[in-house]
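Values quoted throughout were computed directly from the atomic coordinates according to the rules given, and no laboratory measurement underlies them. Just so it is clear, the structure is predicted and the values come from calculations on it, not from any experiment. Note: ideal-geometry Cβ built from the backbone for every residue, glycine included; neighbour counts use all protein chains shown.
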Amino acid sequence: MADAYAEAAQALSARLDQLRTDALAGGGEERVARHKARGKYTARERLEMFLDRASFRETGRFVMDDAPPKGQTDTRIPGDGVVTGYGTVDGRLVYVYAQDFTVMGGTVSHRHAAKICRILDQAMENGAPVVGFVESGGARIQEGVKSLAGYSEIFRRNTLASGVVPQLSIIMGPCAGGAVYSPALTDFIFMVEQSSQMFVTGPDVLRAVTQEEVTLEELGGAAVHTGRSGVAHFSASSEEDALFLVRQLLGYLPDNNLSDPVILPSKDDPLRQDTTLDSLVPDNPNRGYDMLEVIERIVDGCQFMQVHENWAGNILTGFARLHGRAVGIVAQQPQVLAGVLDVNSSQKGARFVRFCDAFNIPLVVFEDVPGFLPGVDQEHEGVIRHGAKLLYAFCEATVPKVTVIVRKAYGGAYCVMNPRQTGADLVLAWPTAEIAVMGADGAVNVIFRREIQAADDPIQRKAELVEEYRDRFTNPFIAAESGYLDDIIEPHETRPRLINALEMLQNKQAQLPPKKHGNIPL
Ligand code: HXC
């Protein structure tokens with residue numbers, strides 16, 4: 001009896017060893033070698049590299065797809081093509097999953113989906129971010145509707161987790177068909193240059209259906225999605241670079257919507273004043289300057305992590321710290337399209353504002369906006385609808401909101417870019433601020449058209465009127481007299497004033513009227 005028992009125990013132990021070995025082997029030596037020959041890491045290697053040393057704990061290692069009918073070869077692999085679990089990043093809990101491309105191309109079966117769903121459920125229950133490493137051919141074709149059902153379960157959880165815990169997706173290889181929609185529902189997408197692609201319909205199908213010839217990279221590579229479509233937010237030069245960027249981004253984020261971002265000790269003096277800022281804005285209102293430099297001179301250690309760096313460059317969005325406190329920055333970039341608002345920049349800004357608001361990250365705006373981009377294309381592409389997104393996002397945000405008007409705050413764009421009247425907690429202006437319905441040139445053309453036409457020297461008369469208009473309207477004093485500005489400050493004071501403002505606002509409590517949810521103009 002004892003011998004039989006020992007024999008059974010030995011068999012069980014051998015089976016467990018075999019399962020462990022099979023799980024670790026992924027799709028087998030040959031496929032792993034092929035994968036690595038493409039310069040890629042395996043799913044487990046990625047997780048080990050990403051998380052704090054030895055912190056990864058795998059769950060669901062032995063999960064497998066349904067057994068094949070009797071008589072058919074069992075090709076199932078423990079883990080079913082996705083490695084799931086949890087670990088820490090800088091000591092903070094993070095839930096993770098990594099698709100294993102060597103197992104049936106990382107495709108999603110219903111069990112594979114169930115593993116990802118469990119990670120999302122646990123992340124929501126325990127209030128920690130989720131990071132997904134995505135590399136997948138999409139729905140596992142052999143599974144049919146079960147795979148689609150599995151995907152739907154994932155999408156529902158991504159949606160429920162949105163605004164509850166930060167969700168980050170790193171695209172590590174092909175991400176095809178249904179595989180794209182889970183990342184698309186998450187907060188930030190990272191792509192690796194020349195080795196990751198996202199597309200709903202691949203090149204083969206395009207060739208057959210639309211006769212378009214396109215490579216994977218041209219269709220959905222990192223350059224396309226971070227520079228053209230705006231689908232992805234960060235482009236990394238290598239897998240290692242992507243992991244570094246994700247860890248860096250997590251540093252700015254809270255664990256969940258009920259907690260605040262960690263305040264880090266800062267070596268940068270909170271009272272530091274940078275006099276270079278005093279001469280950074282050119283005298284000529286039509287000349288550009290680099291808003292990136294303004295931001296970097298003000299924030300802790302010049303560290304500004306841009307989001308969507310390569311897309312809609314006329315607006316800058318990203319994370320920085322002010323005296324150790326994480327802030328979300330939205331700013332115009334006068335060097336690109338003079339910093340106008342347009343379809344893409346409105347969408348970029350709106351999504352960023354909503355993320356910060358969902359996760360208790362105060363917003364700091366640096367404003368220099370001449371208005372909305374005029375043009376038939378813009379109107380026909382729906383600049384009204386898209387501009388309204390940014391307006392809506394600022395209006396509904398209840399986190400601390402501070403605006404610094406650096407130069408232009410013209411027309412509708414003034415209303416969009418977080419003025420006092422849409423809920424800014426504090427509005428500061430530099431002496432260079434010009435707050436008006438429109439720029440002097442345009443305004444004079446409208447108001448004094450007849451007078452200019454009738455003048456002996458229309459050019460001279462117009463120049464005089466422009467000068468008069470500028471003196472009267474395009475300075476911050478009228479807005480300050482009306483109480484629309486809280487203060488006019490010297491540019492070099494901006495850092496200490498912002499730090500002081502954020503301290504003053506740290507316990508801000510603001511409520512929206514009770515509702516199920518608003519209806520942002522999508
Ligand atoms: C089952 C798949 C698969 C799939 C790839 N494989 N896609 N198995 N279902 N959807 C398998 C391959 O048979 C192969 O198995 C392994 O994964 C690696 O694939 P390769 O083609 O050898 O790799 P590569 O050349 O790198 O090309 C990768 C790829 C390509 C670009 C992803 O495989 C591809 O285009 N696959 C089809 C993508 C697609 O159309 N997906 C949409 C599915 S429908 P072996 O055994 O040889 O290793 C869908 C709709 C869901 O997703 C909708 C929900 C909203």
Just add up the charged neighbours of PRO203: K/R +1, D/E -1, any other residue whose Cβ is under 15 Å from the Cβ of PRO203.
-4
For helix 239-252, report the angle its Cα long axis makes with the longest principal axis of the Cα atoms of the chain; keep it between 0 and 90° and round to the nearest 10°.
60
Sparsely packed trypsin sites (Lys or Arg not before Pro) within the range 1-64, loop by DSSP, other Cβ within 10 Å at most 10:
ARG38, ARG53
Could you tell me the distance between the Cα centroids of the range 235-273 and the range 143-221, to the nearest Å?
26
In sequence order, what are the phi-derived ³J(HN,Hα) couplings for the range 393-404 according to the Karplus relation 6.51 cos²θ - 1.76 cosθ + 1.60 with θ = phi - 60°, rounded to whole Hz, with x for glycine and proline?
4, 5, 4, 8, 5, 10, 5, x, 10, 10, 10, 10
Be a star and scan the range 304-330 for residues whose amide nitrogen sits under 19 Å from the point 7 Å along the Cα-to-Cβ vector of VAL214.
311-312
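Based on DSSP, what percent of beta bridges with both residues in the chain are antiparallel, to the nearest 5?
Details: 23 of 64 bridges.
Antiparallel bridges make up about 35 percent of those DSSP assigns within the chain.
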Regarding the range 47-114, what is the average projected area of its C-alpha convex hull, in nm²?
4.9
Quick check: the angle from helix 2-25's long axis to the longest principal axis of the chain, C-alpha only, nearest 10 degrees?
40
From DSSP H assignment alone, runs of 4+ in the chain each adding -39500 (n - 2.57), the sum over residues rounded to the nearest 500 puts [θ] at 222 nm at -12000 deg cm²/dmol
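Rounded, prolate or oblate, given the Cα gyration tensor of the range 208-270, with a/c below 1.5 counting as rounded? All intermediate terms of the calculation are to be shown ahead of the outcome.
Details: a/c = 3.65, a/b = 2.63, b/c = 1.39.
Since a/c reaches 1.5 and a/b is larger than b/c, the shape of the range 208-270 is classed as prolate.
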Total lysine pairs under 23 Å (Cα atoms) in the chain, excluding pairs fewer than 8 apart on one chain:
13
Options GLY137, ALA242, PHE352, ranked by Cα towards positive dipole end of the chain, top entry (Cβ charges)
GLY137
Relative to the longest principal Cα axis of the chain, at what angle does helix 458-473 sit, 0 to 90 degrees, rounded to 10?
70
So for R0 = 45 Å, FRET eff. of ARG272-GLU58 from the Cβ-Cβ r, to 0.05, ends up at 0.45
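Please list, by residue number, every one of the GluC sites (Glu not before Pro) in the range 186-250 that is coil in DSSP and has at most 13 other beta-carbon atoms within 10 Å.
Listed in order of number, the matching sites are GLU212, GLU213.
Which of the three applies to the range 442-522, rounded, prolate or oblate, going by the alpha-carbon gyration tensor with a ≥ b ≥ c and a/c under 1.5 meaning rounded?
Details: a/c = 4.18, a/b = 1.85, b/c = 2.26.
It is oblate, given that a/c is not under 1.5 and a/b is not larger than b/c.
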Check: C-alpha center the range 383-462 vs C-alpha center the range 64-136, spacing in Å is 50
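Would you mind calculating the gained length between GLU153 and ILE478 on full extension (0.36 nm times residue separation, minus the Cα-Cα distance), in nm to one decimal?
Fully extending the segment from GLU153 to ILE478 adds 111.4 nm.
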Does the range 125-212 come out rounded, prolate or oblate by the C-alpha gyration tensor, with a ≥ b ≥ c the root eigenvalues, rounded set by a/c under 1.5 and, if not, prolate when a/b is larger than b/c and oblate if not?
oblate
If one computes the Cα centroid of the range 18-45 and of the range 466-522, what distance in Å separates the two points?
55
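Could you put SER195, SER259 in order, starting from the residue whose Cβ has the fewest other Cβ atoms within 10 Å? The partial results should precede the final answer.
Details: SER195 21, SER259 13.
Fewest-to-most Cβ neighbours within 10 Å comes out as SER259, SER195.
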